[in-house]
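Written out below as structure tokens is the structure these notes cover.
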Amino acid sequence: MTNEATAIKPEASGAEDTQAQGQVIVTCENLGKTYTTGKVSVRALEGINLSVRRGEFLCLCGPSGSGKSTLLNLIGGLDTPDSGTVTVVGRELNKLKRDELANLRLHHLGIVFQAFNLIPVLSARENVEMVLQVQGRPAKERRAIAMRCLADVGLDELADRRPAELSGGQQQRVAIARAIAPGPDLILADEPSASLDSRTAESLLELMAELNARHGVTFVLSTHDEQVMKYAERLIRLRDGRVESEETRQ
Ligand SMILES: Nc1ncnc2c1ncn2[C@@H]1O[C@H](COP(=O)(O)OP(=O)(O)OP(=O)(O)O)[C@@H](O)[C@H]1O
Ligand SMILES: [Mg+2]
């Protein structure tokens, strides 16, 4: 069982202070990734250099196949690059042992997949609590945090429902509540609005923007959706595995 005492603390490793708003919390240096299936190789990413600062709301966009999901997977430590490095909260991912990487993910990252990945037999509250249980938090505290996060996403009254008893948008909100519950430094979300109607997507984005503004949660999203791009403070456009352009907005 993991607990807070074993969490990776960047300061304990002598890494730079990444706690303050505006500090760099993700750095990708010269990242490359090739997938090989049989005799066919696809160069999914090449020469990606990118940093993310604490408190940013960053959006990755670009055509299908441009490398958005691959890049999010590398930043989340769900896959490994074949060249270059990814550093998250001062830790270089490919230097971490398996359990250190799992710990870093558990305490510092929230990951929201397009297909929510909720556990069907658990209620919304239990889905949110599960990650807190893995963190080793006591039952009472878990319940309180889960209910607060469900309230943050407007679902406290539906906390006892199972995923199948919730709409797609409500399930996506549970996935976000689960991602924010451990108090991560960074939330990675791959096409978070893709399976939602435009009204539900809009309220989900407002929620993320509010979490960003009010709680300083850093977001890195991927999307095809113009509606999502509107919310981005910074937009990075990928094409054929490379950064094509970068735009900062107010
Ligand atoms: N597991 C895999 N095995 C082989 N090739 C892959 C794999 N995952 C992705 N690719 C290829 O790598 C390239 C980048 O894919 P990626 O999924 O990162 O693109 P994307 O920008 O997320 O696309 P989409 O907008 O369709 O989700 C594509 O050419 C894709 O076919
Ligand atoms: Mg994708």
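Bear in mind these aren't lab numbers, they're just calculated from the coordinates by the rules spelled out. A quick note: this is a predicted structure, and the numbers were derived from the prediction, not measured. Positions of Cβ are generated from backbone atoms using ideal geometry, with glycine treated the same way; all protein chains shown enter the neighbour counts.
Observations, loosely collected:
- For the stretch 86-128, filtered to residues that are assigned to a loop (DSSP other than H, G, I, E, B) and more than 18 Å from residue 158 (Cβ to Cβ), the residue that is nearest to the chain's Cα centre (by Cα) is 113.
- Pairs, first on the phi > 0 side of the Ramachandran plot in the stretch 50-68, second away from ligand 1 (no atom under 15 Å from the Cβ) and not in a loop (DSSP other than H, G, I, E, B), C-beta under 8 Å, six or more apart: 55/212; 55/218
- Answer from 218, 200, 223 - the residue that is under 20 Å from the mean Cα position of the chain (by Cα), within 16 Å of ligand 2 (Cβ to nearest atom) and either among the hydroxyl-bearing types (Ser, Thr, Tyr) or on the phi > 0 side of the Ramachandran plot (or both): 223
- Restricting 62, 55, 77 to residues that are more than 14 Å from residue 28 (Cβ to Cβ), surrounded by 14 or more Cβ atoms within 10 Å (Cβ to Cβ) and more than 15 Å from ligand 2 (Cβ to nearest atom) narrows the list to 55.
- Under the condition of being surrounded by fewer than 19 Cβ atoms within 10 Å (Cβ to Cβ) and either touching a Phe, Trp or Tyr at 6+ places or on another chain (Cβ under 6 Å) or part of a helix (DSSP H, G or I) (or both), the residues counted in the stretch 132-157 number 12.
- Restricting attention to the stretch 59-85, the residues being outside any loop (DSSP other than H, G, I, E, B) and away from ligand 1 (no atom under 15 Å from the Cβ) number 3.
- Which listed residue, of 117, 103, 94, is over 30 Å from residue 196 (Cα atoms), in contact (Cβ under 8 Å) with a residue 40 or more places away in the chain and out of contact with any Asp or Glu (no Cβ under 8 Å at 6 or more places or on another chain): 103
- Residue 202 of a type outside the set (A, V, I, L, M, F, W, C), surrounded by fewer than 19 Cβ atoms within 10 Å (Cβ to Cβ) and touching a Phe, Trp or Tyr at 6+ places or on another chain (Cβ under 7 Å): no
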